[in-house]
Amino acid sequence: MTVRVCIMKSKLTPKQLHFARCVASGSTYSDAYREAYDVKPETKAGSIQTEASKLMSNPDIAQRVEVLIAARERAIQASGVSDREQVLSKLRGWMECAEGADAMKIRSAELLGKSVGLFKDVVEQKQEVTSLDIEAKLQAKLELLLASKENQDSDSKDLH
């Protein structure tokens, strides 16, 4: 199996790269701009916002932000899978090593079963409705509609 590693030559300046990293880590565009660039205290917020927006309209910077966010999401997923595998491995070990009907063995088996969805409580609610109930509800709705229609008719007569 051959593994190819793609090394992209960065078209971004160090400051642009720093800006992209800040945005990818959750900073607002303006905050990322302040962090990456030398902003004077008297610089107006509108100017910072405009410059930051210009940076994000640069396709290279926008693409770098997307790549950084995707990489972070993959790392989070990998960490979650790794943690899950570690927990399941421990539970299997405890289940296999415990003596007889040891409480730890039973609890480990239970937790393993829950992790793969063996024990799901399904609550089913059924509500029986008779034809008389349906008829009564329909009748009430019809009366309400007729009453509102009569009110509209009388209101329109008052206007003319």
### Query
Restricting attention to region 51-60, does a residue exist that is within 24 Å of the chain's Cα centre (by Cα), modelled with pLDDT of 75 or more and either in a helix (DSSP H, G or I) or surrounded by 14 or more Cβ atoms within 10 Å (Cβ to Cβ) (or both)?
yes
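Any chance you could count how many residues in region 13-36 are assigned to a loop (DSSP other than H, G, I, E, B) and either at pLDDT 95 or above or under 30 Å from the mean Cα position of the chain (by Cα) (or both)? Before you say what the answer is, go through the steps one by one.
Going residue by residue through region 13-36, those that are assigned to a loop (DSSP other than H, G, I, E, B) are 13, 25-28.
Then drop every residue that is not either at pLDDT 95 or above or under 30 Å from the mean Cα position of the chain (by Cα) (or both), which leaves 25-28.
Looking only at that region, the number is 4.
Every residue, every condition in (1) under 34 Å from the mean Cα position of the chain (by Cα); (2) modelled with pLDDT under 70; (3) farther than 30 Å from Ser25 by Cα; (4) surrounded by 10 or more Cβ atoms within 10 Å (Cβ to Cβ), yes or no:
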{"residue": "Arg84", "(1), (2), (3), (4)": "yes, yes, no, yes"}
{"residue": "Lys90", "(1), (2), (3), (4)": "yes, no, yes, yes"}
{"residue": "Met95", "(1), (2), (3), (4)": "no, yes, yes, yes"}
{"residue": "Gly100", "(1), (2), (3), (4)": "no, yes, yes, no"}
{"residue": "Ala103", "(1), (2), (3), (4)": "no, no, yes, no"}
{"residue": "Lys114", "(1), (2), (3), (4)": "yes, no, yes, yes"}
{"residue": "Leu138", "(1), (2), (3), (4)": "no, no, yes, yes"}
{"residue": "Leu145", "(1), (2), (3), (4)": "no, no, yes, yes"}
{"residue": "Glu150", "(1), (2), (3), (4)": "no, no, yes, yes"}
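The values are calculated or read from the model by the stated rules, or taken from the named source; none is laboratory data. Computed from a predicted model, the values in this text were never measured in an experiment. So basically every Cβ, Gly included, is an ideal-geometry build from the backbone, and we count neighbours across all protein chains shown.
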